[in-house]
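Report on the structure given below.
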Amino acid sequence: MATAMRVGVLTVSDSCADGTAVDTSGPNLCALLRSSGLAIQPEIHTALVRDERDDIAVTLKQWADQDGLRLILTTGGTGLAPRDATLLVIEREAPAIAQLMLIKSLEITPLAALSRARSGVRGKTLIVNLPGSKKASAECFQFILPILGHALDLIAGHAKQVKQTHAVLAQHPPLEPVPAEQSSATGPSAAGHSHAIAATQQQQQPQQHQHAHHHHSCDHHTDRFASDVSDDWKTLKSADPAQVARRQRHSPFPLFSVEEAQRIVQHEAAALLENLPLVELSLVDQQPSILLGHVCAKAVIAATPIPAFRASVKDGYAVLAADGEGVFAVVGGIAAGDAKLPAPLQSGQIARITTGAALPEGADAVVQVEDTELVEATADGQTELRVRILKRASGPGQDVRAVGSDIAVGECVLDVNSVIGPAELGLLASVGVTKVTAFAKPTMGILSTGNEVVSIDTATPLGPNQIRDSNRITLLAAAAEAGLHAKDFGIIQDDFEVMALRIKQVLNEVDVLVTTGGVSMGEKDLLKPVLDSLGATLHFGRVYMKPGKPTTLFTVKHNGRSKLIFGLPGNPVSALVTFHLYVVPSMRQMARSPHPNAPIVRAELAFPLRLDTRPEYHRVTLTYNHHKGKFVAASTGSQCSSRLLSVRSANGLLILPPRTTALADLPVGYEVDAMLLGHVL
């Protein structure tokens, strides 16, 4: 097994160094390195320096000459801005690496020509200069990732691995991705999600539908990828579904990586934001369950203070702090909500008071009941006459909530983009706000397809080749659990005309359509040609993952409004996994959620695991081990995509890289990334 190498990420930015901007590119590159499949040590060297030659040179020389890093990625300092400084410490330039990034980027935008990125070698360290923006640096990293392992082998003098790579390059690659014979730079720290097939097989990589944004923040996105699809898809679109013998026998759709498919979904979901209006929510007329999860569109400002009166923090006695200790006359009692207060307190007097009650005039402190003792009371015990204060108040204001101490008049109670949860509803109620302007949640329709699928409420026994529709109820429940607005549109049969008509009807009512089934290679898998007949734009038709390879994304203009259409696989587990990976984040994004993606944590394996040839999302039960201070993952058993038992009790998905010769099996105790799907036990 290969030895894990030391790597580093250097951010070069004046604005980040000055604190006027936040470095997002550096941390993102660290995450990409961890999930790349490269054999790296867990601890990645990081630094942030100004765009000054000396600062850059000192750090790079230290890392390369003293610390023994084998790979250094720098982000920033590649453009034509006056203070940008190029890489100056390399000893042997590797211009083709920078040229590869440039060529790929120029396919998207001519602005990539403004880059002055350089790459090269210092000693046994490969140094690659990437753009400064998070998106551009990530994309350029993906461009060069397939050749990094071989480059590092060459620099390190790993003759055996270099020879193996050259031997494989002499062979014709297969049509589909196969287990990668990766270089020795791929190894035991490939714990994250990797799509890094070795350079020897880079022609088998999933289609990289990249969008380069090198020195600006504007997005560029290709409307369709039809030009990238083989002629088979053009034939498939015009084929007669009834001509079974002439159907395609190999998929015409390029394979996209999960990360690229997610970026496309994110881009297309952003384009739908203008479709969603603002809504006025009512705390009086609507149930809390309807209000939860909405995002504020307008700030809520307090018109009244909280508390609106001086309130006691404890049960005890309202006093004049200056009176100190001694025996005092009790002039009455005040409970929370009392409409009438005692007369203003005079020196030598105290008033009994409960938590939350208003202090009478003259009182400026509260002494808790534990610091008092009864001296005299009426014979019936119902009235206190005199009480001794055993411990004097520390000063005015002791155990008193001042007017506006919680919320002052004019204070922002909920800011724009605040997510409304239980606490936020309580906060709005406390300041007397019963209406709030929020961004509308998108509406999603869920539709099952298939002649074999029957509704779960069917009274008759299942016929030959029939199955109950488990997908629809599963996805409706998953949507509800995620706080999404979903509608049930039943089951549609595998008939071209019927399917086209039903989809048009559903699109009248929803912003997003989610279908299950009908997206693979069967003769009755009609969704793609049906949607094409409706003028929909296909963005991807296959994703390099397990489960969920046939996952499909279309967009369509319907009645003048853009709609998203997700074609999820028909296998129940595939449908649920891809629902969490693509549908849930897009719905949250369209609802303006500031955090649309599920949290990712590191988890220790409680079971040995054999990696698949594709990146896999393994269903697990995650628990938090307080003794170890980490999450522990237990498998749910067989991961067959039709086996719903594999998602029973699952609250997480392990994000696993594809199997390679260097990394095929993960032992107990190995740590990987895991996506949280539910409550952790």
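A short reminder: the numbers here are calculations on the coordinates, not readings from a lab. Everything numeric here is computed off the predicted structure, so don't read it as measured data. Positions of Cβ are backbone-derived with ideal geometry, glycine not excepted, and every protein chain shown enters the neighbour counts.
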- Item | the stretch 620-681 versus the stretch 548-562: alpha-carbon centroid distance in Å | 31 Å
- What number comes out for the charge environment of Asn417, summing +1 per Lys or Arg and -1 per Asp or Glu over other residues with Cβ under 15 Å away? +2
- Message: Can you compute the label reach from Lys435? Point 7 Å from Cα along the Cβ direction, backbone N cut-off under 20 Å, restricted to the stretch 276-293.
- Response: 277-292
- For the stretch 600-676: span of alpha carbons on each principal axis (Å, largest first): 34, 31, 19
- Query: What is the dipole size for the stretch 289-359, taken about its Cα centre, with +1 at each Lys and Arg Cβ and -1 at each Asp and Glu Cβ, in debye to the nearest 20?
  - Reply: 280 debye
- Please report, in Å, the Rg and the Dmax of the stretch 311-401, where both are computed over Cα atoms only. 11.7, 35
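Among the listed pairs Lys314/Lys630; Lys135/Lys435; Lys61/Lys134; Lys104/Lys549; Lys441/Lys557, give every one whose C-alpha distance is greater than 29 Å.
Working: Lys314/Lys630 40 Å; Lys135/Lys435 38 Å; Lys61/Lys134 25 Å; Lys104/Lys549 25 Å; Lys441/Lys557 19 Å.
Beyond 29 Å between Cα atoms: Lys314/Lys630; Lys135/Lys435.
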- Ratio of Rg to Rh for the stretch 30-152, alpha carbon only, Kirkwood? 0.93
- Gap in Å between the Cα centre of the stretch 25-65 and the Cα centre of the stretch 417-448? 42 Å
- Task: Using Cα positions and a limit of under 19 Å, work out the aspartates and glutamates in reach of Lys563, with same-chain residues fewer than 8 apart set aside.
- Result: Asp223, Glu268, Glu274, Asp488, Glu509, Asp511, Asp532
- Query: How much length is gained if the chain between Asp457 and Thr24 is pulled fully straight, taking 0.36 nm per residue apart and subtracting their Cα-Cα distance, in nm to one decimal?
  - Reply: 150.8 nm
- May I ask for the net charge around Met444, where only other residues with Cβ less than 15 Å from the Cβ of Met444 are counted and Lys, Arg are +1 while Asp, Glu are -1? +1
- Task: Provide the net charge surrounding Ala98, with neighbours chosen by a C-beta distance below 12 Å and charges set as Lys +1, Arg +1, Asp -1, Glu -1.
- Result: +2
